[in-house]
Amino acid sequence: MSTVLLVHAKGGPPLGHVLSRAAARAEVHLLALSAPPPAVAESARSLCASVVMPTDAERSDLVALIVSRAEAVGADAVLTFSEYAVVAVAEACEALGLAGAGGAAALARDKRMMRHTWHRRGLPQPAFRPVTTRAELHEAVAALHAPMLLKAAWSAGSTAHQVIGSPREADAAWRRSRETMAASARLGFAELHVAEAAAHFVVEEIVTGDAAQWFDEAGWGDYVSVEGVVTGGVFRPVCVSGRMPTVQPFTERAGITPALLPADLQDRVVTLAREAVDALGLRDCGTHTEIKLGADGRMWLIETAARFGGAMTVPQIEEVFGLDLVGMLVDHLLGRPVAWPERALGPEQARGAAGSLVVLAVDGHGEAWRDRRVWDFPVVREAVALSEGSTLSVVPESSLPDGSTVPVYDPAGGANTMAALCLLSAADARTVLRDFTTLVDALPVVLPPAASATAPSVSAPSQPAPAARLRARSAVRSEGAPA
């Protein structure tokens, strides 16, 4: 039987989903750079031939650690589904002579290099400037048009995003972004391999999206993601997922598979995603490309990642299109033949629809809840009337335990301040969108009140949630940010 080393860190698809699919294809050894969530710790021990959690000293040279562990277990493939470990795993695969994302993996991780690469290819994206110091930030703000978005070049989940409306706001944005990245790093939501990553930022002009010219019904967000894979350097699109509108500043609330784009518009989106991925030069890995949709058919690239989309994107694709992307990628990395879709699948090929909702303490209008509430999924399941045939479930490993107080939403913290991740299955994507709208409106009403206090306004800063509050992969940035 073939052997796979799975490098686990925060983020990505649920670990339980990944382990069950990978273990069905090979003997799996788990190198846990983050502790497996309690909800899947027992299954991890039963599904894996070994589970190793390295010490801090061992993690000082992450590539060497991965190489050493791969050699110790005789790994035929090494992979990760976490944004924070993508570069280290790619470099380890290079050293081991195994299939992987390749030497260009950092281009799909560092937003500065990503944007420079796309700029050289003439691909559409927001105007931008890389910054590493306060002085460079002021230079960028003077050169670009307001409003602008400051974000960490190696972040994920919309963490540390700050909107800058005028030059006088630059210093406060700089301070807040750096504080948030430091707090996120302490919780494990940070790049694991590039030591200087915390000092890298980018400023981008905020472009104006327009979902109305792309979708036939209201309620869709103004960006989509193209899920795919690169095999032997060839990009293979799988499908396009849609979104609900983001929460201030650009935190993703919900992803829906499939996106209800007309076939000709989906083709245009996929073509741009192909150009973006091809420009980066990736070799063998999953991909997740976010694209902003504007008026008159305009599009802007937000980001491409050298891994599959996070949160429930992968399980949604399996449910809707019957494709086990984890198992298929494992097979490919092991040199087995895989029947990838010949072209991106759309609503016509879908068997129903599925979506994932990040529970944030913000209503459908983007306003903070008026008071604090307690997360209680059984109450939500019983009290919220969804469409006939719709099924709602919670993802335990990405959610707070029932009885926990829902965190105050922090615009800088992004999805780090989520309370839970829910999965909805329905007859079609329109129904998912409608049911999610119902759910968002109902949560601040049906959830039990917390013992204390009134929630501060949405603009008030708060500390990022504890490590149990896993980020939901992908964020919407009106101009360009990673997901």
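Rule-based calculations on the coordinates, nothing more; no lab input. These numbers come from a predicted model, not from an experiment. So basically every Cβ, Gly included, is an ideal-geometry build from the backbone, and we count neighbours across all protein chains shown.
Some observations on this one:
- Inter-label distance, nm, simple model (7 Å from Cα along the C-beta direction), ARG268/MET53: 5.0
- Working note: Cα gyration tensor of segment 1-142, eigenvalues times five, square-rooted, sorted largest first, giving semi-axes of 34, 17, 15 Å.
- With the simple spin-label model, which puts each label point 7 Å out from Cα in the Cβ direction, the THR391 to ASP428 separation comes to 2.1 nm.
- Positive minus negative residues near VAL234 (Lys, Arg vs Asp, Glu; Cβ under 14 Å): 0
- Footprinting exposure proxy for MET328, MET114 (fewest neighbouring C-beta atoms within 10 Å first): MET328, MET114
- Summarising the amide proton neighbourhood of GLU303: residues at separation of 5 or more, or on other chains, whose placed amide H is nearer than 5 Å comprise GLU290, ALA481.
- Long-range HN-HN contacts of SER50 with modeled amide H, under 5 Å: LEU30
- Förster radius 35 Å - calculated FRET efficiency between GLN349 and VAL446, Cβ distance, rounded to 0.05: 0.50
- Volume in Å³ per residue [convex hull over Cα atoms, computed for segment 262-371]: 152
- For segment 271-285, Karplus couplings with θ = phi - 60° (6.51, -1.76, 1.60), whole Hz, Gly/Pro x: 4, 5, 4, 4, 4, 5, 5, 4, 5, 7, x, 5, 10, 9, 5
- Dipole magnitude for the chain: computed about the Cα centre from +1 point charges on Lys and Arg Cβ and -1 point charges on Asp and Glu Cβ, it is near 640 debye.
- Cα→Cβ-extended label distance, 7 Å offset, between ALA295 and GLU367, nm: 2.8
- Per-residue Cβ neighbour counts within 10 Å put TRP300, TRP369 in the sequence TRP369, TRP300, beginning with the fewest.
- Given the chain, longest segment not containing exposed loop GluC sites (Glu not before Pro) (DSSP; at most 16 other Cβ within 10 Å): 1-216
- Kirkwood hydrodynamic radius of the chain, from inverse mean 1/r over distinct Cα pairs, in Å: 22.2
- Phi-based couplings in Hz for segment 72-81 (Karplus 6.51, -1.76, 1.60; Gly and Pro marked x): 5, 9, x, 5, 8, 7, 10, 8, 9, 10
- TYR84, TYR223 arranged by Cβ crowding within 10 Å, fewest neighbours leading: TYR84, TYR223
- Three-way shape label, segment 107-185, alpha-carbon gyration tensor, a/c 1.5: oblate
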